[in-house]
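The next block holds one structure in the form of C-alpha coordinates; read it before the comments.
The values are calculated or read from the model by the stated rules, or taken from the named source; none is laboratory data. For clarity, every value in this text was computed on a predicted model and none was experimentally measured. Using ideal geometry, Cβ is built from the backbone for each residue, glycine included, and neighbour counts are taken over all protein chains shown.
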(Lines give C-alpha, C1' and ligand atoms only; values in the text may rest on other atoms or scores of the structure.)
Protein backbone atom coordinates (compact mmCIF):
# COMPACT_ATOMS: atom_id res chain seq x y z
CA UNK A 1 0.00 0.00 0.00
CA UNK A 2 1.18 3.52 -0.61
CA UNK A 3 0.07 7.10 -0.15
CA UNK A 4 0.94 10.11 -2.26
CA UNK A 5 1.30 13.66 -0.99
CA UNK A 6 2.72 17.00 -2.10
CA UNK A 7 6.20 17.38 -0.68
CA UNK A 8 9.13 19.73 -0.92
CA UNK A 9 12.62 18.64 -1.91
CA UNK A 10 15.52 20.62 -0.43
CA UNK A 11 19.00 19.97 -1.87
CA UNK A 12 21.94 21.60 -0.10
CA UNK A 13 25.33 21.91 -1.83
CA UNK A 14 28.40 22.10 0.41
CA UNK A 15 32.02 21.06 0.26
CA UNK A 16 32.95 17.85 2.03
CA UNK A 17 35.61 19.66 4.04
CA UNK A 18 33.37 22.53 5.11
CA UNK A 19 33.22 22.62 8.89
CA UNK A 20 30.76 23.78 11.52
CA UNK A 21 32.33 24.03 14.94
CA UNK A 22 34.87 21.30 14.24
CA UNK A 23 32.32 18.93 12.75
CA UNK A 24 31.85 18.32 9.02
CA UNK A 25 29.11 20.68 7.85
CA UNK A 26 27.18 17.98 5.98
CA UNK A 27 27.09 15.91 9.21
CA UNK A 28 25.76 18.96 11.08
CA UNK A 29 23.08 19.45 8.43
CA UNK A 30 21.98 15.78 8.58
CA UNK A 31 22.01 16.07 12.41
CA UNK A 32 19.82 19.18 12.36
CA UNK A 33 17.39 17.64 9.85
CA UNK A 34 17.11 14.57 12.10
CA UNK A 35 16.62 16.73 15.21
CA UNK A 36 13.92 18.71 13.40
CA UNK A 37 12.08 15.46 12.73
CA UNK A 38 12.37 15.70 8.96
CA UNK A 39 11.43 12.53 7.09
CA UNK A 40 14.80 11.77 5.60
CA UNK A 41 18.16 13.10 4.49
CA UNK A 42 20.62 11.59 2.01
CA UNK A 43 24.14 12.85 1.38
CA UNK A 44 25.65 12.09 -2.02
CA UNK A 45 29.27 12.75 -2.85
CA UNK A 46 30.10 14.37 -6.17
CA UNK A 47 33.54 13.73 -7.63
CA UNK A 48 34.10 16.78 -9.72
CA UNK A 49 32.67 20.25 -9.76
CA UNK A 50 33.17 23.95 -9.13
CA UNK A 51 31.40 27.02 -7.93
CA UNK A 52 32.05 30.65 -8.82
CA UNK A 53 30.90 34.21 -8.88
CA UNK A 54 27.99 34.83 -11.17
CA UNK A 55 25.33 37.40 -11.82
CA UNK A 56 22.45 35.87 -9.87
CA UNK A 57 23.77 37.65 -6.81
CA UNK A 58 27.22 38.46 -5.65
CA UNK A 59 28.81 35.26 -4.31
CA UNK A 60 32.25 34.66 -2.91
CA UNK A 61 34.94 33.72 -5.36
CA UNK A 62 35.32 29.96 -5.46
CA UNK A 63 38.40 28.08 -6.42
CA UNK A 64 39.12 24.65 -7.74
CA UNK A 65 40.65 22.57 -5.03
CA UNK A 66 40.71 19.00 -3.88
CA UNK A 67 37.50 19.45 -1.90
CA UNK A 68 34.75 17.06 -2.93
CA UNK A 69 31.24 18.49 -3.33
CA UNK A 70 28.45 16.95 -1.27
CA UNK A 71 24.74 17.29 -2.03
CA UNK A 72 22.39 16.67 0.92
CA UNK A 73 18.81 15.92 -0.18
CA UNK A 74 16.01 16.40 2.38
CA UNK A 75 12.33 15.66 1.69
CA UNK A 76 9.29 16.54 3.79
CA UNK A 77 6.07 18.58 3.66
CA UNK A 78 6.36 22.15 2.36
CA UNK A 79 5.60 23.47 5.84
CA UNK A 80 8.29 21.42 7.55
CA UNK A 81 10.91 22.25 4.93
CA UNK A 82 10.08 25.96 5.17
CA UNK A 83 10.37 25.76 8.98
CA UNK A 84 13.79 24.14 8.59
CA UNK A 85 15.29 26.82 6.33
CA UNK A 86 16.13 29.23 9.20
CA UNK A 87 17.78 26.33 11.07
CA UNK A 88 19.86 25.60 7.97
CA UNK A 89 20.66 29.26 7.51
CA UNK A 90 22.50 29.31 10.85
CA UNK A 91 25.20 26.95 9.57
CA UNK A 92 25.49 28.03 5.93
CA UNK A 93 28.18 30.66 5.42
CA UNK A 94 28.27 30.08 1.67
CA UNK A 95 27.12 27.76 -1.05
CA UNK A 96 23.59 27.24 -2.11
CA UNK A 97 20.47 25.15 -1.83
CA UNK A 98 17.58 24.45 -4.16
CA UNK A 99 13.93 23.93 -3.28
CA UNK A 100 11.36 22.29 -5.53
CA UNK A 101 7.90 20.84 -5.12
CA UNK A 102 7.40 17.17 -5.89
CA UNK A 103 4.89 14.41 -5.29
CA UNK A 104 6.10 12.01 -2.60
CA UNK A 105 4.94 8.39 -2.51
CA UNK A 106 5.24 6.70 0.88
CA UNK A 107 5.28 2.91 0.96
CA UNK A 108 3.93 0.94 3.90
CA UNK A 109 5.51 -2.14 5.40
CA UNK A 110 3.63 -5.31 4.77
CA UNK A 111 5.21 -7.30 7.59
CA UNK A 112 5.45 -5.69 11.05
CA UNK A 113 9.00 -6.95 11.44
CA UNK A 114 10.26 -5.13 8.34
CA UNK A 115 12.77 -2.45 9.16
CA UNK A 116 13.94 0.00 6.52
CA UNK A 117 17.38 1.20 7.40
CA UNK A 118 19.48 4.05 6.17
CA UNK A 119 22.70 4.90 7.76
CA UNK A 120 26.30 5.82 8.18
CA UNK A 121 28.74 4.25 5.83
CA UNK A 122 31.83 6.32 6.16
CA UNK A 123 31.58 8.43 9.28
CA UNK A 124 31.57 7.88 13.00
CA UNK A 125 28.10 7.51 14.47
CA UNK A 126 29.23 9.56 17.47
CA UNK A 127 28.37 12.65 15.46
CA UNK A 128 24.70 11.77 15.31
CA UNK A 129 22.13 11.77 18.10
CA UNK A 130 20.62 8.54 19.42
CA UNK A 131 17.64 7.46 17.34
CA UNK A 132 14.55 9.41 18.26
CA UNK B 1 20.35 17.58 -33.12
CA UNK B 2 18.10 17.30 -30.13
CA UNK B 3 14.44 17.13 -29.24
CA UNK B 4 12.73 18.35 -26.09
CA UNK B 5 9.68 16.80 -24.48
CA UNK B 6 7.80 16.86 -21.19
CA UNK B 7 8.96 13.97 -19.07
CA UNK B 8 8.48 12.65 -15.55
CA UNK B 9 11.35 12.01 -13.17
CA UNK B 10 10.87 9.21 -10.64
CA UNK B 11 13.43 8.93 -7.83
CA UNK B 12 13.20 5.86 -5.56
CA UNK B 13 14.97 5.81 -2.19
CA UNK B 14 15.93 2.40 -0.79
CA UNK B 15 18.66 0.95 1.38
CA UNK B 16 21.49 -0.80 -0.42
CA UNK B 17 20.95 -3.95 1.63
CA UNK B 18 17.19 -4.09 1.07
CA UNK B 19 16.32 -7.37 -0.61
CA UNK B 20 13.60 -8.64 -2.92
CA UNK B 21 13.53 -12.41 -3.12
CA UNK B 22 17.24 -12.73 -2.40
CA UNK B 23 18.24 -10.07 -4.89
CA UNK B 24 19.24 -6.50 -3.97
CA UNK B 25 16.09 -4.40 -4.22
CA UNK B 26 17.73 -1.64 -6.26
CA UNK B 27 18.83 -4.29 -8.82
CA UNK B 28 15.23 -5.58 -8.96
CA UNK B 29 13.98 -2.03 -9.52
CA UNK B 30 16.48 -1.38 -12.35
CA UNK B 31 15.53 -4.80 -13.79
CA UNK B 32 11.81 -3.97 -13.72
CA UNK B 33 12.35 -0.53 -15.24
CA UNK B 34 14.39 -2.14 -18.04
CA UNK B 35 11.74 -4.84 -18.57
CA UNK B 36 9.04 -2.16 -18.72
CA UNK B 37 10.98 -0.46 -21.51
CA UNK B 38 11.63 2.73 -19.56
CA UNK B 39 14.21 5.05 -21.13
CA UNK B 40 16.81 4.86 -18.43
CA UNK B 41 17.59 4.20 -14.81
CA UNK B 42 20.57 5.37 -12.75
CA UNK B 43 21.40 4.22 -9.22
CA UNK B 44 23.43 6.59 -7.07
CA UNK B 45 24.86 5.60 -3.71
CA UNK B 46 24.52 8.03 -0.84
CA UNK B 47 27.07 7.80 1.95
CA UNK B 48 25.16 9.15 4.88
CA UNK B 49 21.52 9.56 5.69
CA UNK B 50 18.55 8.49 7.78
CA UNK B 51 14.83 8.07 7.62
CA UNK B 52 12.30 8.18 10.43
CA UNK B 53 8.71 8.45 11.49
CA UNK B 54 7.16 11.77 10.64
CA UNK B 55 3.79 13.39 10.32
CA UNK B 56 3.28 13.12 6.57
CA UNK B 57 1.80 9.70 7.13
CA UNK B 58 2.59 6.97 9.59
CA UNK B 59 5.83 5.28 8.49
CA UNK B 60 7.84 2.52 10.09
CA UNK B 61 10.45 3.57 12.59
CA UNK B 62 13.83 3.78 10.92
CA UNK B 63 17.15 3.39 12.58
CA UNK B 64 20.67 4.48 11.83
CA UNK B 65 22.72 1.53 10.76
CA UNK B 66 25.53 0.76 8.43
CA UNK B 67 23.17 0.46 5.46
CA UNK B 68 24.00 2.82 2.61
CA UNK B 69 21.10 4.69 0.98
CA UNK B 70 20.62 4.27 -2.76
CA UNK B 71 18.59 6.61 -4.97
CA UNK B 72 17.39 5.15 -8.28
CA UNK B 73 16.42 7.81 -10.83
CA UNK B 74 14.13 6.82 -13.72
CA UNK B 75 13.03 9.18 -16.49
CA UNK B 76 10.35 8.68 -19.17
CA UNK B 77 7.06 10.11 -20.37
CA UNK B 78 4.43 10.85 -17.70
CA UNK B 79 2.27 8.03 -19.04
CA UNK B 80 5.02 5.42 -18.89
CA UNK B 81 6.14 6.48 -15.42
CA UNK B 82 2.54 6.33 -14.16
CA UNK B 83 2.16 2.87 -15.68
CA UNK B 84 5.32 1.76 -13.87
CA UNK B 85 4.21 2.86 -10.39
CA UNK B 86 2.08 -0.27 -9.72
CA UNK B 87 5.01 -2.45 -10.86
CA UNK B 88 7.25 -0.61 -8.41
CA UNK B 89 4.64 -0.85 -5.67
CA UNK B 90 4.90 -4.66 -5.74
CA UNK B 91 8.48 -4.59 -4.46
CA UNK B 92 8.41 -1.61 -2.13
CA UNK B 93 7.67 -2.58 1.46
CA UNK B 94 8.88 0.73 2.83
CA UNK B 95 10.78 3.84 1.90
CA UNK B 96 9.65 6.46 -0.50
CA UNK B 97 9.80 7.80 -4.02
CA UNK B 98 9.37 11.26 -5.49
CA UNK B 99 7.81 12.21 -8.82
CA UNK B 100 8.33 15.50 -10.60
CA UNK B 101 7.73 16.84 -14.08
CA UNK B 102 10.72 18.04 -16.07
CA UNK B 103 11.67 18.86 -19.63
CA UNK B 104 13.79 16.13 -21.19
CA UNK B 105 16.24 16.86 -24.00
CA UNK B 106 17.16 13.85 -26.13
CA UNK B 107 20.37 14.04 -28.14
CA UNK B 108 20.81 12.24 -31.44
CA UNK B 109 23.93 10.44 -32.56
CA UNK B 110 25.78 12.13 -35.33
CA UNK B 111 27.72 9.09 -36.46
CA UNK B 112 25.89 5.74 -36.90
CA UNK B 113 28.71 3.92 -35.15
CA UNK B 114 28.34 5.90 -31.92
CA UNK B 115 27.16 3.79 -29.06
CA UNK B 116 26.18 5.37 -25.76
CA UNK B 117 26.68 2.90 -23.00
CA UNK B 118 25.52 2.81 -19.43
CA UNK B 119 26.06 -0.20 -17.35
CA UNK B 120 26.99 -2.34 -14.44
CA UNK B 121 30.04 -1.28 -12.52
CA UNK B 122 29.78 -3.17 -9.30
CA UNK B 123 27.31 -5.97 -9.74
CA UNK B 124 27.07 -9.19 -11.67
CA UNK B 125 25.28 -8.83 -14.97
CA UNK B 126 23.54 -12.17 -14.36
CA UNK B 127 20.92 -10.26 -12.44
CA UNK B 128 19.79 -8.35 -15.48
CA UNK B 129 17.93 -9.60 -18.53
CA UNK B 130 19.58 -9.77 -21.92
CA UNK B 131 19.24 -6.47 -23.75
CA UNK B 132 15.76 -6.11 -25.19
CA UNK C 1 22.06 36.16 5.19
CA UNK C 2 20.59 34.54 2.13
CA UNK C 3 18.71 35.45 -1.00
CA UNK C 4 16.22 33.36 -2.93
CA UNK C 5 15.68 33.46 -6.68
CA UNK C 6 14.06 31.42 -9.41
CA UNK C 7 16.68 29.22 -11.04
CA UNK C 8 16.89 26.44 -13.58
CA UNK C 9 18.43 23.05 -12.85
CA UNK C 10 20.07 21.25 -15.79
CA UNK C 11 21.07 17.60 -15.26
CA UNK C 12 23.11 15.94 -18.02
CA UNK C 13 23.41 12.14 -18.20
CA UNK C 14 26.50 10.72 -19.91
CA UNK C 15 28.70 7.67 -19.60
CA UNK C 16 31.92 8.08 -17.70
CA UNK C 17 33.93 6.76 -20.66
CA UNK C 18 32.26 9.01 -23.23
CA UNK C 19 34.89 11.16 -24.91
CA UNK C 20 35.03 14.54 -26.59
CA UNK C 21 38.21 15.03 -28.56
CA UNK C 22 40.21 12.70 -26.32
CA UNK C 23 38.93 14.25 -23.10
CA UNK C 24 36.26 12.71 -20.87
CA UNK C 25 32.96 14.22 -21.95
CA UNK C 26 31.84 15.04 -18.40
CA UNK C 27 35.11 17.01 -17.92
CA UNK C 28 34.42 18.90 -21.17
CA UNK C 29 30.90 19.70 -19.96
CA UNK C 30 32.14 21.00 -16.57
CA UNK C 31 34.83 22.98 -18.45
CA UNK C 32 32.26 24.56 -20.78
CA UNK C 33 29.90 25.39 -17.89
CA UNK C 34 32.81 27.06 -16.06
CA UNK C 35 33.85 28.97 -19.21
CA UNK C 36 30.26 30.13 -19.68
CA UNK C 37 30.33 31.57 -16.16
CA UNK C 38 27.60 29.29 -14.83
CA UNK C 39 27.23 29.32 -11.05
CA UNK C 40 28.20 25.74 -10.40
CA UNK C 41 28.47 22.23 -11.74
CA UNK C 42 28.57 18.93 -9.81
CA UNK C 43 29.31 15.53 -11.32
CA UNK C 44 27.92 12.49 -9.50
CA UNK C 45 28.85 8.94 -10.42
CA UNK C 46 26.07 6.36 -10.57
CA UNK C 47 27.02 2.75 -10.02
CA UNK C 48 24.39 0.93 -11.96
CA UNK C 49 22.04 1.86 -14.72
CA UNK C 50 21.04 1.46 -18.36
CA UNK C 51 19.60 3.36 -21.25
CA UNK C 52 17.70 2.11 -24.26
CA UNK C 53 15.47 2.81 -27.17
CA UNK C 54 12.05 3.97 -26.17
CA UNK C 55 9.04 5.68 -27.63
CA UNK C 56 9.71 9.23 -26.54
CA UNK C 57 11.83 9.67 -29.64
CA UNK C 58 14.07 7.37 -31.57
CA UNK C 59 17.32 6.94 -29.63
CA UNK C 60 20.36 4.86 -30.32
CA UNK C 61 20.33 1.33 -28.99
CA UNK C 62 22.12 1.20 -25.69
CA UNK C 63 23.80 -1.78 -24.18
CA UNK C 64 24.81 -2.86 -20.74
CA UNK C 65 28.53 -2.56 -20.32
CA UNK C 66 31.01 -1.70 -17.67
CA UNK C 67 30.61 2.02 -18.29
CA UNK C 68 29.57 3.97 -15.22
CA UNK C 69 26.84 6.60 -15.65
CA UNK C 70 27.66 10.17 -14.64
CA UNK C 71 25.07 12.87 -13.93
CA UNK C 72 26.33 16.47 -14.18
CA UNK C 73 24.07 18.97 -12.38
CA UNK C 74 24.30 22.66 -13.34
CA UNK C 75 22.28 25.45 -11.70
CA UNK C 76 21.87 29.07 -12.78
CA UNK C 77 19.23 31.55 -13.93
CA UNK C 78 16.79 30.35 -16.59
CA UNK C 79 18.33 32.75 -19.10
CA UNK C 80 21.87 31.55 -18.53
CA UNK C 81 20.90 27.88 -18.63
CA UNK C 82 18.97 28.43 -21.87
CA UNK C 83 21.98 30.22 -23.37
CA UNK C 84 24.18 27.25 -22.41
CA UNK C 85 22.05 24.60 -24.12
CA UNK C 86 23.46 25.23 -27.63
CA UNK C 87 27.00 25.05 -26.16
CA UNK C 88 26.11 21.71 -24.59
CA UNK C 89 24.49 20.51 -27.80
CA UNK C 90 27.84 20.75 -29.60
CA UNK C 91 29.34 17.97 -27.48
CA UNK C 92 26.34 15.69 -26.95
CA UNK C 93 26.11 12.94 -29.55
CA UNK C 94 23.69 10.91 -27.46
CA UNK C 95 22.18 10.60 -24.02
CA UNK C 96 19.86 13.05 -22.44
CA UNK C 97 19.45 15.99 -20.13
CA UNK C 98 16.61 17.24 -17.97
CA UNK C 99 15.66 20.82 -17.18
CA UNK C 100 13.47 21.91 -14.28
CA UNK C 101 12.69 25.15 -12.53
CA UNK C 102 13.57 25.43 -8.86
CA UNK C 103 14.03 28.08 -6.20
CA UNK C 104 17.70 28.68 -5.45
CA UNK C 105 18.86 29.99 -2.07
CA UNK C 106 22.26 31.69 -2.10
CA UNK C 107 24.10 31.97 1.21
CA UNK C 108 26.47 34.82 1.94
CA UNK C 109 29.76 34.53 3.74
CA UNK C 110 29.76 36.03 7.17
CA UNK C 111 33.52 36.35 7.42
CA UNK C 112 35.44 37.86 4.47
CA UNK C 113 38.05 35.14 4.74
CA UNK C 114 35.57 32.31 4.16
CA UNK C 115 36.18 30.45 0.93
CA UNK C 116 33.74 27.85 -0.29
CA UNK C 117 35.56 25.34 -2.36
CA UNK C 118 34.43 22.66 -4.71
CA UNK C 119 36.86 20.72 -6.68
CA UNK C 120 38.56 17.85 -8.35
CA UNK C 121 38.77 14.68 -6.39
CA UNK C 122 39.66 12.08 -8.92
CA UNK C 123 40.81 13.74 -12.11
CA UNK C 124 43.78 15.76 -13.23
CA UNK C 125 43.26 19.49 -12.96
CA UNK C 126 45.13 19.97 -16.23
CA UNK C 127 41.85 19.42 -17.99
CA UNK C 128 40.28 22.52 -16.48
CA UNK C 129 41.02 26.19 -17.13
CA UNK C 130 42.72 28.36 -14.55
CA UNK C 131 40.21 29.90 -12.16
CA UNK C 132 38.48 32.88 -13.75
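Considering only residues of the range A:19-47 that are in contact with a strand residue (DSSP E or B) (Cβ under 7 Å, 6 or more places away or on another chain) and assigned to a loop (DSSP other than H, G, I, E, B), which is surrounded by the fewest Cβ atoms within 10 Å (Cβ to Cβ)?
This residue is A:47.
Would you please name the residue that is surrounded by the fewest Cβ atoms within 10 Å (Cβ to Cβ), looking only at residues in the range B:67-91 that are under 17 Å from residue B:23 (Cα atoms) and modelled with pLDDT of 90 or more?
If we take residues in the range B:67-91 being under 17 Å from residue B:23 (Cα atoms) and modelled with pLDDT of 90 or more, then B:90 is surrounded by the fewest Cβ atoms within 10 Å (Cβ to Cβ).
Would you confirm whether any residue within the range C:50-66 is within 20 Å of residue A:45 (Cα to Cα), more than 7 Å from every other protein chain (Cβ to nearest Cβ) and at pLDDT below 95?
no
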